[in-house]
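Beneath this line is the structure, given in structure tokens, with notes to follow.
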Amino acid sequence: MAEIKLITTDADITLTFSLMKQLRPHLAEDDYLTLIRRLQHNHGYRLAAIIENGQAKSAAGYRITESLAWGKYLYVDDLITDADSRANGYAKLLMDWLEAEAAKNDCLQLHLDSGVQRHDAHRFYLNKKMNIAGYHFQKNI
């Protein structure tokens, strides 16, 4: 049975690199651990993953934060299931865990952004009863 593990050790963070690189191809392995530690320290970033047989099958990077617009909420920065491990229920297990984590921390909502090209992910989010609540705009500086 797959279980969610809060990732806290350097070894476990490093174990999630190849999985997270599938979602974020620009990441460099040499900088990954330092980057995760900096995100944790400066921004309250948390990393949870499903580890089976020494491999990360699914992972989520998230923050619990607060804003005037939404009150207290859980924001999912990163959510990925290994390309070779999809359709095994890992994403559902991880999303259910994130929802429970939000409730446990008295969050009013769970938020995430998803690239417009990620049609399979969008289908999954809609099946999880998530709403498309707005557009996200960006400008490179």
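The values are calculated or read from the model by the stated rules, or taken from the named source; none is laboratory data. Predicted, not measured: the structure shown is a model, and the values here were computed from it. Every residue, glycine among them, receives a Cβ derived from its backbone with ideal geometry; neighbour counts consider all protein chains shown.
If you go through segment 31-72 and pick out every residue that is in a strand (DSSP E or B), aromatic (Phe, Trp, Tyr) and over 20 Å from Ala91 (Cα atoms), you end up with 0. Look at (1) farther than 25 Å from Cys107 by Cα; (2) aliphatic (A, V, I, L, M); (3) in contact (Cβ under 8 Å) with a residue 12 or more places away in the chain and you find that Leu27 fails only one, number (3).
Annotation: of all residues in segment 53-91 being acidic (Asp, Glu) and surrounded by fewer than 16 Cβ atoms within 10 Å (Cβ to Cβ), the one that is farthest from Leu110 (Cα to Cα) is Asp84. Within segment 1-17, the presence of at least one residue that is in a loop (DSSP other than H, G, I, E, B), in contact (Cβ under 8 Å) with a residue 60 or more places away in the chain and over 21 Å from Lys129 (Cα atoms) is confirmed.
Restricting segment 18-30 to residues that are part of a helix (DSSP H, G or I) and not hydrophobic (A, V, I, L, M, F, W, C), the residue that is farthest from the chain's Cα centre (by Cα) is Asp30. Answer with yes or no whether Gly44 is of a type outside the set (A, V, I, L, M) and closer than 24 Å to Asn105 by Cβ. Yes. Each residue in segment 82-141 was checked for being charged (D, E, K, R), at pLDDT 90 or above and outside any helix (DSSP H, G or I), and 2 of them qualify.
The residue of segment 36-61 that is modelled with the highest pLDDT, among those that are under 15 Å from Leu19 (Cβ atoms), in contact with a strand residue (DSSP E or B) (Cβ under 6 Å, 6 or more places away or on another chain) and not small (Gly, Ala, Ser), is Leu47.
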